[in-house]
1. Filter the range D:228-251 down to the residues that are among the small types (Gly, Ala, Ser) and facing chain B (nearest Cβ under 10 Å), then identify the one that is surrounded by the fewest Cβ atoms within 10 Å (Cβ to Cβ).
2. Of all residues in the range A:92-124 being closer than 15 Å to D:ARG62 by Cβ and among the polar types (S, T, N, Q), which is farthest from the other protein chains (Cβ to nearest Cβ)?
3. Return the residues of the range D:59-79 that are crowded, with 24+ Cβ neighbours inside 10 Å, part of a helix (DSSP H, G or I) and either more than 10 Å from every other protein chain (Cβ to nearest Cβ) or not hydrophobic (A, V, I, L, M, F, W, C) (or both); say none if nothing qualifies.
4. If the requirement is being crowded, with 18+ Cβ neighbours inside 10 Å, without any contact (Cβ under 8 Å) to a residue 24 or more places away in the chain and either more than 30 Å from D:LEU103 (Cα to Cα) or more than 8 Å from every other protein chain (Cβ to nearest Cβ) (or both), which of these qualifies: B:PRO76, B:PRO63?
5. Touching a residue at least 12 places away in the same chain (Cβ under 8 Å), of a type in the set (Gly, Ala, Ser) and either within 20 Å of A:SER88 (Cβ to Cβ) or within 14 Å of chain A (Cβ to nearest Cβ) (or both), is that true of C:SER108?
Amino acid sequence: MSSIERSPWLIHYDASSCNGCDIEVLACLTPVYDAERFGCIVTGDPKQADIFLVTGSVNHLNAPIVKNIYDQMPEPKAVVAIGACAYSGGVFAECYNVSGGVASTIPVDVYVPGCAAKPESILDGVVRAAQILKEKEKAMRATRKAERKGRKAEGAQR
Amino acid sequence: MTEQHNGSIIPIEIGALLPETDALRSAGWRLVQVLCVGSADGAELSYSFGLDLEMRSLRVTVPAETPLPSVTAIYPGAFLYENEIRDLFGVRIERIAGDWEGKVYDVAMGKLFSKVSIKAISSEDPGAATGGAASMGGAL
Amino acid sequence: MPLLPMSRVILKNFFSRPATRLYPFVVRPAFAESRGRIAIDYPQCIHCGACARRCPANAILVGKEPKSWRIDAFACVTCGLCVKVCPKKCLRMDNERPKSADFADKDSRVESHVTPPAPEAGGPNGA
Amino acid sequence: MSGQDKRVQDAAHAPREDFVKGPTVIPFGPQHPVLPEPLHFDLLLEDEKVLGAIPQIGYIHRGLELLVEKRDFADYVHVAERICGICSFMHGMGYCEAVESLLGLPIPDRARYLRTFWCELERVHSHLLWMGLAADALGFESLFMAAWRTRELVLDVAEETAGGRVIFGSAIVGGVSKDPSDETLARCIKALALAREEVKRLSMVMLQNITVRHRLEGVGVLSADAAYALGAVGPMLRASGRAYDARSLGYAAYGEIGFETVVETAGDCMARAIVRAREIEQSFAIMDKVVAAIPAGPVSVPAKGMPPKGESFARLEQPRGEVVYYVRSNGTRNLERFRVRTPTFANVPAMVEAMRGSSLADVPTIVLTIDPCISCTER
């Protein structure tokens, strides 16, 4: 049973995006695409978020902010990089104030293609991120169980 | 149509900038934009003004390191343009009302748009000019 | 709000279909003009590199030795410039969009065609 | 240390009496729930009253103006249309208009009409987007959903005719790249008629709702003189009673089609909402007229040769107001300078002025009624 897969909470941050992907992320939450069918809710609080949606490329001003949001999110967490800019910098890759894709700052789990990414693609990305969350949670449980077992064995030996 | 879009461009001296701007303001013109084009030995600023659909620009050529008076005393809305130009071109604009002390964009490199530094940037980055797999190398 | 228009809206909402498209289960076909992804008819390609030079996102890589054509579908911004400049008209804009991919799944992000360096070169070798 | 850190430190080290007596500095943003984009203000407050605001931009500055030196002049349009994802077509088209006037290249009639059609389509989708966001900021969730549902009808038309939902990608130097058939256009007009009915209803809901009126009326008042002197553009200026609309320049097909400048006189947030609601209605009418009068023929002419040495301005009316493009060529394939003065850039001083004297709770409303587009502003 994985409640995290059924109800992942999202947080969205616009690193230097052109707005196109941002409004498509918003469009995902409105009736026609309705990401809330998958149990998603957009939250403004990184402490409550499971999936981090990043649009746009990273520059030296917003890289600490992206990193900060990521660090505040509780484990397990997944990062979805939306659009060509978040992947490689897109058409802005050669601009002086763009340092590249999101992967240069935080580990990315899923890429969503497109410029601007279509809402359907974003939904795909979110659904995939929810699956990754479930796998990560499983792995976390397994390690925790192993640790507990180890501790128990240690105690028995003593 | 082109004429209407471009308006007239009037070259003036640095000293004439404030009196000319003041005269336009009294005649009911409003500031449309301030434009800067950098060159190796300074910059060229165009102050565009609009009255209804007409546009008129005053053009000032500023040698490097020459101070330029701010027009914010006449048009308070100009502070954004002037801060931006000072950050990106390194033009010394003095006494801006609403001075951000060079923190508009907070870009890593200074004076980006002056021609000297563009050459420096593009020579640092030879991959960009040849095109091809610049992004592929980064992302793959 | 007056009662009559309101009840009309309520009735309409009762009897009309929901606006939500049940996306992953029901997929709406793409519009014919929709810009989805760049596709290549690889045997036609002469490896001139015009597409790679003009690509604003530097998403295309054309290799001379061995002859190859690669596109990073995720860096591509589907502007269609490569389709326009291709001298052999072997590139086209498909209306199907590429699927989302995991970070580790490099192969699904890059579509690559390599001509094997055999004497009877020419066969497509999609990856 | 950034300017903001310094101010905070100064405040912390200030003598206690000054700290209590002086205005309080409250940071607004860069991440604020009402805005999808980062925008930062330092609000100077006395109790709940805003004495002033210091805007701080730069979080999403990319520096794309400089990219014009690395790209072919005809290819740069694909960068120009990514200045902003909401008014992408108009950015691409504005760049094209500037380059075309530099080249002295007249574009075919059908292309001019199609450009007008897509411009108005973009205006409708942008204003609907604004209506949704404004409703969301006011806590009117159902209107947000309804506005965005209607917006999808408009985006479908965009995708069917231009090929993209938000980045249309159909403007090229010398015309347009897509040529929707007359049947497609007729079908789109039918779909748009549906959206028009819906928008009419939504505008009525928004503008007559007592809560919305309560939140918007008399808030963020900007006098006509202040708006004009501070260089406000678009709905911000027109809501204050100045009839200025760059569409009167007659670019694209506006000269033949004609339109009416929407003006309101109150200058408050409500007036800005009314201006936008009336503009949507008018945009639908313009699209109807365009499709009825669209001439047959080619949609583009090839842009041959180099742009001659020279410079050129182009002015358009975007959903957010007038935008000014400037291109300068040195006679090579790469332009020397491209500059865009975007509407939000011009509206920031006026927005700061409108905030002065309002209460803290009204700040998000005022920010939203100028319909800020930060990626435009910072480029």
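The values are calculated or read from the model by the stated rules, or taken from the named source; none is laboratory data. Source: prediction; values computed, not measured. Glycine also receives a Cβ, built like all others from the backbone with ideal geometry; neighbour counts cover every protein chain displayed.
1. The residue in question is D:ALA243.
2. The extreme case among them is A:SER99.
3. D:HIS78
4. Values: B:PRO63 fails: crowded, with 18+ Cβ neighbours inside 10 Å.
So the residue among B:PRO76, B:PRO63 that is crowded, with 18+ Cβ neighbours inside 10 Å, without any contact (Cβ under 8 Å) to a residue 24 or more places away in the chain and either more than 30 Å from D:LEU103 (Cα to Cα) or more than 8 Å from every other protein chain (Cβ to nearest Cβ) (or both) is B:PRO76.
5. no
So that you can scan it fast, the table gives a plain yes or no per residue for (1) more than 19 Å from D:ILE286 (Cβ to Cβ); (2) away from chain A (no Cβ under 14 Å):
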residue: D:ILE83; (1), (2): yes, no
residue: D:HIS91; (1), (2): yes, no
residue: D:LEU105; (1), (2): yes, yes
residue: D:LEU121; (1), (2): no, yes
residue: D:HIS127; (1), (2): no, no
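Per-residue answers, yes or no, for (1) within 30 Å of A:VAL127 (Cα to Cα); (2) within 14 Å of chain A (Cβ to nearest Cβ); (3) at pLDDT 80 or above; (4) touching a strand residue (DSSP E or B) at 6+ places or on another chain (Cβ under 7 Å):
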{"site": "C:PHE25", "(1), (2), (3), (4)": "yes, yes, no, no"}
{"site": "C:SER68", "(1), (2), (3), (4)": "no, no, yes, yes"}
{"site": "C:ASP72", "(1), (2), (3), (4)": "yes, yes, yes, yes"}
{"site": "C:VAL77", "(1), (2), (3), (4)": "yes, yes, yes, no"}
{"site": "C:LEU81", "(1), (2), (3), (4)": "no, yes, yes, no"}
{"site": "C:CYS86", "(1), (2), (3), (4)": "no, no, yes, no"}
{"site": "C:LEU91", "(1), (2), (3), (4)": "no, no, yes, yes"}
{"site": "C:ALA101", "(1), (2), (3), (4)": "yes, yes, no, yes"}
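Here's the yes/no breakdown for (1) in contact with a His (Cβ under 8 Å, 6 or more places away or on another chain); (2) of a type in the set (Lys, Arg); (3) more than 24 Å from D:ALA162 (Cα to Cα):
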site	(1), (2), (3)
C:CYS51	no, no, no
C:LEU61	no, no, yes
C:LYS64	yes, yes, yes
C:ARG70	yes, yes, yes
C:ALA73	no, no, no
C:VAL77	yes, no, no
C:GLY80	no, no, no
C:LYS84	no, yes, no
